[in-house]
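K.L.:
What follows is a single structure, and I will ask about it in a moment.
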């Protein structure tokens, strides 16, 4: 396929995190040094699904050799789901972008399942029970693939729909939210579709401000309405005076909801570099990683020292990545006196543990 035959779909491109200026410059230098693309540009019906940045570089330097891999997908929604899943396989994503992509993958997959073969927009009508069953199975599968719970997937869909509502009212708002320029809770973002389009710009303006300078009366519209209080249940009969009341049964606290974790925290030996960038894990690599992780819990599988070292390295890198994201997006955590004391206490606790490990 010729370079002139490749096409850009803005909806596809908007799901792909743009590279920083320095990253794109480095990628361009690496490609020029190679004289060719080490990995093909992935397309569907001529539309680029993976390789938008490489496509721009190719247009600037006509001597670079390249390959195009055309994949077969049923419809546009399936293509969108493929893009989101492909991007979620990469490690350098912020928590906000992971939630956005996870929600769009779920939404697109549901639409792809309901669309006739070859259709780009149409949705096949079906019985309500069939629809609910299919949607439930889709949610289960996506949650399992990314190692999260079904509630996380459903919340991510609402979060992504809120970002769509922000972008619809204020072009560019999507990147502002995903890069932390607009700071808001997941619940506030998810509530945006219920706000009239003409009123969203004012709300987004408030979310750009520091918390102490915001108009909380305006932002109160983003709070979900609470259901009316339920009537108090009847009191249980009091025990006879001669008998001691039975001890209440212990209540087991519910486990916290899991967060979206990177889908490819595998051993570094499994991660292949693409001209300075890491590629998502293949199905074969995922299978090998699953065996290595399970070996921590199954005595019958021999533990490999090298694999466990990779696990420790991955955990350390994930820790530094997540702390860095917090400090970058919420610098007041370090400037606020109370928060800084708690951060310092956490550091002391981890230092004590690491020193204990070092002395073993």
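K.L.:
Taking every pair of distinct Cα atoms and averaging 1/r, then inverting, what Kirkwood hydrodynamic radius in Å comes out for segment 3-70?
P.N.:
When all Cα pairs of segment 3-70 are included, the Kirkwood radius is 12.3 Å.
K.L.:
Another question, if that's okay. Roughly how many nanometres apart are two label points built 7 Å out from the Cα toward the Cβ at residue 316 and residue 14?
P.N.:
Each label point lies 7 Å from its Cα, and together they span 4.2 nm.
K.L.:
By how many nm would the segment from residue 337 to residue 32 grow when fully extended, if each residue of separation counts as 0.36 nm and the alpha-carbon distance is taken off? Intermediate results must be reported in sequence, preceding the final value.
P.N.:
Working: separation 305, 0.36 × 305 = 109.80 nm, distance 4.91 nm.
Working it through step by step, the gained length comes to 104.9 nm.
K.L.:
Multiply the residue gap between residue 60 and residue 187 by 0.36 nm, knock off their C-alpha separation, and tell me the result in nm, one decimal place. Show your work: numbers first, answer last.
P.N.:
Working: separation 127, 0.36 × 127 = 45.72 nm, distance 4.28 nm.
Using 0.36 nm per residue and subtracting the Cα-Cα distance, I get 41.4 nm.
K.L.:
Quote to one decimal, in nm, the extra length available between residue 67 and residue 210 on full extension: 0.36 nm per residue of separation minus the C-alpha distance between them.
P.N.:
Additional length available on full extension: 46.7 nm.
K.L.:
On to the next question. Using Cβ contacts closer than 10 Å as the measure, can you line up 44, 323 from fewest to most? Numbers along the way, then the final one.
P.N.:
Numbers: 44 19, 323 14.
Arranged by neighbour count, lowest to highest, 44, 323 become 323, 44.
K.L.:
Quickly work out the residue 199-to-residue 360 label distance, labels modelled 7 Å from Cα along the C-beta direction, and quote it in nm with one decimal.
P.N.:
Label at residue 360, label at residue 199, 5.7 nm between them.
K.L.:
At what distance in nm do the modelled label points of residue 52 and residue 352 sit from each other, each positioned 7 Å from its Cα along Cα→Cβ?
P.N.:
My value for the distance between the label points is 4.8 nm.
K.L.:
Take each of the peptides 329-339, 162-172, 65-75, average the number of other beta-carbon atoms within 10 Å over its residues, and list them starting from the highest.
P.N.:
Working: 329-339: 11.4, 162-172: 18.4, 65-75: 14.2.
Order by mean packing, descending: 162-172, 65-75, 329-339.
Bear in mind these aren't lab numbers, they're just calculated from the coordinates by the rules spelled out. Because the structure is a prediction, the values reported are computed rather than measured. Because the Cβ atoms are built from the backbone with ideal geometry, glycine has one as well, and the counts that use them run over all protein chains shown.
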